[in-house]
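Q: Here you go, one structure.
Readers should treat all values here as calculations from the given coordinates under stated rules, not as data from a laboratory. Computed from a predicted model, the values in this text were never measured in an experiment. When we count neighbours, we look across all protein chains shown, and the Cβ atoms used for this are built from the backbone with ideal geometry, even at glycine.
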Amino acid sequence: MKAKSPVLVVVPSYNESENIGSLIEELLATDPAIDVLVVDDNSPDGTADIVEKISGYNKRLFLIVRKKKDGRGGAVLDGFRWGLKSKKNYQYFFEMDADFSHKPSEIPAFIKHAENHDVVIGSRYMKGSNIIGWPLNRKVFSKLANIYTRFLLRIPITDYTNGFRLYKRTVLERLNFDAIEKSGYIVLSEIAFQIHLIGFGIGEIPTVFVNRQRGLSNLSVSEVTSALHSVFRLSTRRKKIRKALNLN
């Protein structure tokens, strides 16, 4: 389904020179309503240089370069802030990874599902979904991490940790980005927690998740450990977050 309103796809990146050019090309070909914003954490491999070169002849591509590597979640939030201030008046905001783990061809299905939901998450744990290229131990760990997060946060979704999501503009305008304490993958859960507390409708669709084929993973063991600790802390901050959102 083609979008009837402007769409911004926010792509956080760090050392994605092997992927970023092809990803941009595929995204822009998916729907003429799509603009792409790459938020790069000053990649030493020249990722930002590639984006800047393409943006010189394609006005649907934009670039933010941050001073240092400071986490995927913080990059996405900076992208959302930029998009909300844009004169293009984007009505749909996507976040997705730069390594082709998420398929641009699935974007029309997200837009279709957004007719009945405020937020749409690509879930790896629904009927019809598939995870390609992960060893068994990583699949087990990811599944257990999602069970752990659901037990603590009680949000009725199946995939808390996949960063392929669509948000309507009205959702992002209502969130309190300043109440989000971390900058890594925990931001996915922090945003979902705010959305759930406010009462927006969250939908999920099946997705095909493909382990990166080129480049190195940017996810470290310390980031995973930090995220698990942060989920517990997030579950204890319910009253504080409700106050930040001006909820009774």
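Q: Which residues' amide hydrogens lie under 5 Å from the amide hydrogen of Ile131, considering only partners 5 or more residues apart or on another chain, with H built in the peptide plane?
A: Phe209
Q: Starting from 0.36 nm per residue, how many nanometres of slack lie between His196 and Glu173 once their C-alpha separation is accounted for? Mind dumping the intermediate values first?
A: Numbers: separation 23, 0.36 × 23 = 8.28 nm, distance 1.47 nm.
Full extension from His196 to Glu173 adds 6.8 nm.
Q: Would you mind computing, in nm to one decimal, how far apart the modelled labels at Asn248 and Ser22 are, each placed 7 Å from Cα along Cα→Cβ?
A: Each label point is offset 7 Å from its Cα along the Cβ direction, giving 5.4 nm.
Q: Now for a different question. Need the list of lysines near Lys88 for cross-linking: C-alpha distance under 20 angstrom, and skip anything on the same chain fewer than eight residues off.
A: Lys2, Lys4, Lys59, Lys168
Q: Show the residues, 5+ positions off or on another chain, whose built amide H is closer than 5 Å to the amide H of Gly203.
A: Residues meeting the amide H criterion: Asp118, Val119, Val120, Ile121.
Q: Follow-up. What percent antiparallel are the DSSP beta bridges of the chain, to the nearest 5?
A: On the way: 7 of 31 bridges.
Looking only at bridges with both residues in the chain, the antiparallel portion is about 25 percent.
Q: Per residue of the stretch 19-35, what does 6.51 cos²θ - 1.76 cosθ + 1.60 with θ = phi - 60° give for ³J(HN,Hα)? Whole Hz please, x for Gly and Pro, Karplus curve as stated.
A: Coupling constants for the stretch 19-35: 10, 5, x, 5, 5, 4, 4, 5, 5, 5, 7, 5, 6, x, 7, 8, 10 Hz.
Q: Which one is right for this structure if percent of Cα pairs over 33 Å apart is calculated from it: (i) 19; (ii) 12; (iii) 16?
A: Read-out taken from this structure: (ii).
Q: Full-extension gain between Leu228 and Glu115, please, as 0.36 nm times their residue separation minus the C-alpha to C-alpha distance.
A: On the way: separation 113, 0.36 × 113 = 40.68 nm, distance 3.29 nm.
Result for the pair: 37.4 nm of gain on full extension.
Q: Right, something else. Using Cα positions and a limit of under 20 Å, work out the lysines in reach of Lys139, with same-chain residues fewer than 8 apart set aside.
A: Those lysines meeting the cut-off are Lys103, Lys127.
Q: If you don't mind, another one. Would you give the gap between the C-alpha center of the stretch 14-93 and the C-alpha center of the stretch 139-185, rounded to a whole Å?
A: The two parts, judged by their Cα centres, are 21 Å apart.
Q: Of all DSSP beta bridges in the stretch 91-236, what percent run antiparallel (nearest 5)?
A: On the way: 7 of 15 bridges.
Close to 45 percent.
Q: Related question: Considering only the other residues whose Cβ falls under 10 Å of the Cβ of Leu84, what net charge follows from Lys and Arg at +1 and Asp and Glu at -1? Can you show the working numbers first?
A: On the way: positive: Arg81, Lys85, Arg169; negative: Glu173.
Computed value for this residue: +2.
Q: Check cross-link reach from Lys243 to the lysines: straight Cα distance under 22 Å, and skip same-chain residues fewer than eight apart.
A: Output for Lys243: Lys182.
Q: Using r as the Cβ-Cβ distance of Asp45 and Trp82, and R0 as 25 Å, what FRET efficiency do you calculate, to the nearest 0.05?
A: Numbers: r = 23 Å, r/R0 = 0.92.
Once rounded, the FRET efficiency stands at 0.60.
Q: Rounded to the nearest 0.05, what FRET efficiency do Asp70 and Arg138 give with R0 = 25 Å and r taken as the Cβ-Cβ distance? Could you check? Intermediate values should be presented prior to the final figure.
A: Working: r = 25 Å, r/R0 = 0.99.
With a Förster radius of 25 Å, E is 0.50.
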